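The next block holds one structure in the form of structure tokens; read it before the comments.
The values are calculated or read from the model by the stated rules, or taken from the named source; none is laboratory data. Source: prediction; values computed, not measured. Quick reminder, even Gly has a Cβ in these numbers, built from the backbone with ideal geometry, and neighbours come from all protein chains shown.
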Amino acid sequence: MGGSSHTRHYSRMPSAFRGLVRAALRGGATAETAGDVPPIVACVPPAPPDARRLNAYRAVCGFADDGLLPVTYPHAMAGPLHLAALTHPAFPFRLPGLVHVRNTVCQYRGIDAGEPLALQVALGGRREVDKGVEFDMTTSALDAAGAVVWTGTSTNLARRAGRRPGGARSVPAMGGYAEIGAWEAPAGIGRRYGWIAGDLNPIHLHDALARVFGMPGSIAHGMWLFARSLAALQPSWPGAVRLEVAFRRPVRLPGQVRQWVRDDDGGTTYVLTDPGAEVRHLSGSVAAVP
């Protein structure tokens, strides 16, 4: 691949529908045969968020209408750019079967709901891990002056044949955690969130579609669980903050989760479990940005 950059500049946000069609039709290599992910970039110039879509996102995730962008919303804004980068001819992996395993968000200041933002998505790298190959997708939001106001790095896994995510199940230790509530993941949440966020992966939309891709049934979007967890912690995130999340086991739809928190040195840790607190679906942390 030689380290050359593959950049797509768009004058406006590309079509999410066309991206989905390309994603459905493209091929690609497996974890065993794919090479490195070369530097692939997709970007658009500054534009204000769509108000109707923003309000729908707040409603489906539980964030406050406080005049600011929800702390996870730039990721959803960049959904069509994610597809543009992942369907670039230079991207080596097949898209079916990719697993979103971790995410880190850094918000450097509160972002006004009407503020024009330039968005950039960058792919690159290859890390061999036990279950397969990991690569990162970094989304950046820049203000009109070109200052980075938000970044999010999604770590994705291309599994090796025969390996499934999660490993052996063990009952999570909940020492020091306090439960802050339980909430529902409704049957239709995959379709509702998927249309708003532009993430129409079939495994989230319907049980029958999920079974085609080897799942026992439809599952909730990891990024919806992440956003919903943060909104349950506090519905408004006005300042600088660093957020991390690791996705452990999927939440079958419909389902219910319990949320737990623990104060640690320098921040807060939170966990989502099943109703019996026997399965940990995700774990995350909240800390100040230095």
Of the conditions (1) under 26 Å from Ala277 (Cβ atoms); (2) free of Cβ contacts under 8 Å to residues at least 12 places away in the same chain, Pro216 clears all except one; give me its number.
(2)
Tell me the residue from Ala141, Ala145 that is assigned to a strand (DSSP E or B) and at pLDDT 95 or above, please.
Ala141
Inspect all residues belonging to segment 117-135 and state whether any of them is surrounded by 22 or more Cβ atoms within 10 Å (Cβ to Cβ) and of a type in the set (Val, Ile, Thr).
yes
One residue from Asp130, Asp143 being in contact with an Asp or Glu (Cβ under 7 Å, 6 or more places away or on another chain) and over 18 Å from Val37 (Cβ atoms)
Asp143
Go through (1) modelled with pLDDT under 95; (2) more than 16 Å from the chain's Cα centre (by Cα); (3) under 16 Å from Val101 (Cα atoms); (4) not basic (Lys, Arg) and name the single condition Val271 misses.
(1)
Out of all the residues in segment 143-158, is one or more over 14 Å from the mean Cα position of the chain (by Cα) and under 20 Å from Arg249 (Cα atoms)?
yes
Among (1) assigned to a loop (DSSP other than H, G, I, E, B); (2) within 19 Å of Ala16 (Cα to Cα); (3) not aromatic (Phe, Trp, Tyr) - the single one Ala161 does not satisfy:
(2)
Does at least one position in segment 107-116 carry a residue that is among the aliphatic types (A, V, I, L, M), assigned to a loop (DSSP other than H, G, I, E, B) and closer than 24 Å to Ala210 by Cα?
no
Restricting to segment 160-197, name every residue that is under 19 Å from His100 (Cα atoms), at pLDDT 90 or above and of a type outside the set (A, V, I, L, M).
Gly190, Arg191, Tyr193, Gly194, Trp195
Within segment 247-267, the residues that are over 18 Å from Ala185 (Cβ atoms) and either at pLDDT 95 or above or assigned to a loop (DSSP other than H, G, I, E, B) (or both) are Val261, Arg262, Asp265, Gly266
Using beta carbons and a limit of 9 Å, which pairs, at least six apart or on different chains, have the first residue in segment 136-152 and farther than 15 Å from Met77 by Cβ and the second one at pLDDT below 95?
Asp136/Val37; Asp136/Gly124; Asp136/Gly125; Asp136/Arg127
